[in-house]
Amino acid sequence: MRKIMFFLWNLAFSMPFTYSNLLPDSYQNLPGWTQDEHRATLIAFQNSCVALIHTHRYQSLCEKAQSLPSSLSNAEVTRFFETYFAVYQVIDSANPSGQGLFTGYYEPSYPARLTPSPEFNTPIYGKPYHYDQALKSHRLPSREQIAHGKVSHFAPIIAFVRNRIDRFFLQIQGSGILILPNGQNLLIGYAGENGYPYEAIGKDLVQRGEIPKQNISMQSIQSWLYNHPAQVDEILNLDPSFVFFRTLHMPEPLGAEGVPLSPHNSVAVDPAFTPLGTPVYLSTYYPKLSPHGIVPGEALRHLFIAQDVGGAIKNPLRADIFFGSGSQAEWMAGHMQSPGKMWVLLPR
């Protein structure tokens, strides 16, 4: 679901921002607000200020935020947000229930090689040469065309992974770690895409009766693909969108805002409704595995910073939580499909 587009950051602030999907509210109405830990969120917001400080709405506020000492208590950080931000509940006229959908993503790791071999023969492509011109003139190939080698003559190859399934889920997450034989980790991040619309293959597998709707997850889709090798290309090619990568020299992947993502404190949003850099408060729950499948688990009530966007995040009541890396992050990201409510904090 990661289709991270850096140009959307500028677009979000060039568009006239309206309050038609916002309802003024108070901090007293935020479930769990006083129990939430806000210090790590403040650090994420300070990171966003690298981009936000150049905008009129945030300039003085970011100067205040970046001058705060790191020794502040959680209560003092909470007071900062309450003093300088007003809180609004996000509503959607097309969704009278007021319940949004909150999912997750993470930074996957896959073994890779810098040169091809019989086992590692699927290329991870960098941004094609003359990319901007080709994208503007709609001359970039689809996923199916790329699978047949159509991009190989005009795009650099960063590395090779084992198969198209690994490459597909790297593209869905928008960034990842390539593990080389010498133990070196190569962090790659989004560099561009081919301009085709994103299509959720999970929806197609449900419609075909291959995976029950209640069991759909990243893990169930991966399992189905590995168990049906003859149909892998057919299913993957249902999503014509294709992501190109670049090598990153930093500890965390970059989001669409152009700043490093913060695990458990960054979310992807729809910038048509929520500008990047906006503090976002969610009241939802973590997924939990039970004998009856995935059920609602522990409450998730936390203040995040909108630092990313996603191809599947197209709604005011929609957010995608960045869980970081590792097996727990993978499990959470793959199973997180929780309803809940959403608020945004805007400068007073």
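With one equal scatterer per alpha carbon and no solvent term, the Debye-computed log10 I(q)/I(0) for the chain at 0.08, 0.12 1/Å reads -0.40, -0.89.
Under the criterion of Cα pairs below 8 Å and six or more residues apart, the relative contact order for region 25-180 equals 26 percent. Each residue of region 325-338 is assigned a 3J(HN,Hα), and the resulting list reads 10, x, 5, 5, 4, 4, 5, 4, 4, x, 10, 6, 8, 10 Hz, derived from the Karplus form 6.51 cos²θ - 1.76 cosθ + 1.60 (θ = phi - 60°), x at Gly and Pro. Please get the size of the charge dipole for the chain, origin at its Cα centre, with Cβ charges of +1 on Lys and Arg and -1 on Asp and Glu, quoted in debye to the nearest 20. For the chain, the charge dipole is close to 360 debye. Here each label is just a point 7 Å from Cα along the line to Cβ, and for residue 203 and residue 328 those points are 3.3 nm apart. Amide H contacts under 5 Å for residue 324: 107, 264, restricted to partners 5 or more places along the chain or on a different chain, H placed in the peptide plane at 1.01 Å from N. If the chain linking residue 67 and residue 232 were pulled fully straight, counting 0.36 nm for each residue of separation and taking away their Cα-Cα distance, it would gain 54.2 nm.
For residue 304, the amide hydrogen comes within under 5 Å of the amide hydrogens of 280, 281, 282, counting only partners 5 or more places away or on other chains and with H modelled in the peptide plane.
Averaged over residues, the count of other Cβ atoms within 10 Å places the peptides 197-204, 114-121 in the sequence 197-204, 114-121, highest first. The mean sequence distance of close C-alpha pairs (under 8 Å, at least 6 residues apart), as a share of the length of the chain, puts its relative contact order at 29 percent.
Relative contact order for region 173-292: 29 percent, from Cα pairs under 8 Å spaced at least 6 residues apart, divided by residue count. Using +1 at the C-beta of Lys and Arg and -1 at the C-beta of Asp and Glu, which of 230, 191, 122 has the Cα lying farthest in the positive direction of the dipole of region 110-248? Value: 191. Once both labels are positioned 7 Å from their Cα atoms along Cα-to-Cβ, the gap between residue 23 and residue 129 label points is 5.6 nm.
Measuring nothing but alpha carbons in region 199-244 and taking Rh as the Kirkwood radius, the Rg to Rh ratio lands at 0.95. Backbone geometry of region 164-176 corresponds, through the Karplus equation with coefficients 6.51, -1.76 and 1.60 at θ = phi - 60°, to 3J(HN,Hα) couplings of 6, 5, 4, 5, 4, 6, 4, 5, 4, 7, x, 7, x Hz, x marking Gly and Pro. As an equivalent ellipsoid, region 110-248 spans semi-axes of 24, 20, 13 angstrom, where each value is the square root of five times an eigenvalue of the C-alpha gyration tensor, largest first. Principal semi-axes of the equivalent ellipsoid, √(5λ) from the alpha carbon gyration tensor of region 273-337, are 23, 13, 12 Å from largest down. Summing Lys and Arg as +1 and Asp and Glu as -1 over all other residues whose Cβ lies under 10 Å from the Cβ of residue 271 gives a net charge of -3. Show me, for region 213-230, the HN-Hα J-couplings you get by feeding each phi into the Karplus relation (A = 6.51, B = -1.76, C = 1.60, θ = phi - 60°), rounded to Hz, glycine and proline as x. After applying 6.51 cos²θ - 1.76 cosθ + 1.60, I find 4, 5, 9, 6, 6, 4, 5, 5, 5, 4, 4, 4, 4, 5, 8, 10, x, 5 Hz.
Near the amide H of residue 191, within less than 5 Å, lie the amide hydrogens of 244, 245, 246, all on another chain or at least 5 residues away, with H placed in the peptide plane.
The numbers here are math on the coordinates, done by the rules we state, and not lab data. Since the structure is predicted, the reported quantities are computational estimates derived from the model, not experimental observations. Note that each Cβ is placed from the backbone with ideal geometry, even for glycine, and that neighbours are counted across all protein chains shown.
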